[in-house]
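Step one of this worksheet: look at the structure below.
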Amino acid sequence: MKTVFINLKDDGNISSKEILINGIHKIDSSFVDATNYFKEDELGVLLQLEHKQLNTLLNLTDVSPYILLFFNEELKFKSASYSIKSGAGNFTLQTQYENILFIRMPYNLKWNKIISLNI
């Protein structure tokens with residue numbers, strides 16, 4: 001079990017929220033099959049992309065239910081997405097961000113208050 005901290009800003013006050021995850025994985029590939037980094041019912045994982053390509057293609061088929069938080073190389077929050085299995089077929093996502101935090105849903109966190117990540 002690992003711990004990361006999400007920094008939040010609410011009405012000018014900055015606080016940190018502790019997030020327990022199962023692992024941190026450094027990946028040197030522009031194609032990531034996320035199912036390789038998950039076991040059943042994991043709390044979450046942090047993927048750190050170390051390749052030199054501009055974009056990364058994530059295969060998220062069968063990685064559900066998670067919210068994905070995207071952080072740049074300076075660990076500043078940039079975007080969020082959901083991976084929720086809601087039908088048949090494959091689900092992929094393309095990103096330019098280097099750090100992707102998967103958090104198992106449901107999770108009580110105000111996404112619009114996130115500013116950064118501490119590892």
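The values are calculated or read from the model by the stated rules, or taken from the named source; none is laboratory data. Nothing here was measured: the structure is a model prediction, and the numbers come from that model. Cβ coordinates were reconstructed from backbone atoms using ideal geometry, including for glycine residues, and neighbour counts include every protein chain displayed. Just so you know, the surface numbers come from the protein's heavy atoms only, side chains and all, with ligands and any DNA or RNA stripped out. Shrake-Rupley method; radii C 1.70, N 1.55, O 1.52, S 1.80 Å.
Brief remarks follow.
- Cut-off under 5 Å, modelled amide H: who pairs with Glu98 long-range: Phe71, Glu73
- Beta bridges per DSSP with both ends in the chain, % antiparallel, nearest 5: 80 percent
- Distant-in-sequence amide H partners of Leu60 (H built 1.01 Å from N, under 5 Å): Phe91, Thr92, Leu93
- Heavy-atom accessible area per residue - segment 14-119, 1.4 Å, Å²: 58 Å²
- Restricting the trypsin sites (Lys or Arg not before Pro) of segment 36-119 to loop positions (DSSP other than H, G, I, E, B) with no more than 16 neighbouring Cβ atoms within 10 Å leaves Lys39, Lys52, Lys85, Lys110.
- A probe of 1.4 angstrom, applied to the heavy atoms of all protein chains, finds Ser64 with accessible area near 40 square angstrom.
- Choice from Leu93, Leu43, Leu60 showing the highest fluctuation, given a GNM over the chain with Cα pairs closer than 10 Å: Leu93
- Summed residue charge, Cβ within 15 Å of Thr56's Cβ, Lys/Arg positive, Asp/Glu negative: -2
- Inter-centroid distance (Cα atoms) of segment 10-30 relative to segment 69-119, Å: 10 Å
- Percentage of interatomic Cα-Cα distances in segment 34-119 larger than 20 Å: 32 percent
- Residue-wise HN-Hα couplings along segment 63-79, as the Karplus relation 6.51 cos²θ - 1.76 cosθ + 1.60 with θ = phi - 60° gives them from phi, are 9, 7, x, 9, 9, 9, 10, 9, 10, 7, 5, 8, 6, 8, 5, 10, 6 Hz; Gly and Pro carry x.
- The chain: most fluctuating residue of Phe38, Phe71, Phe102 per GNM, C-alpha cutoff 10 Å: Phe38
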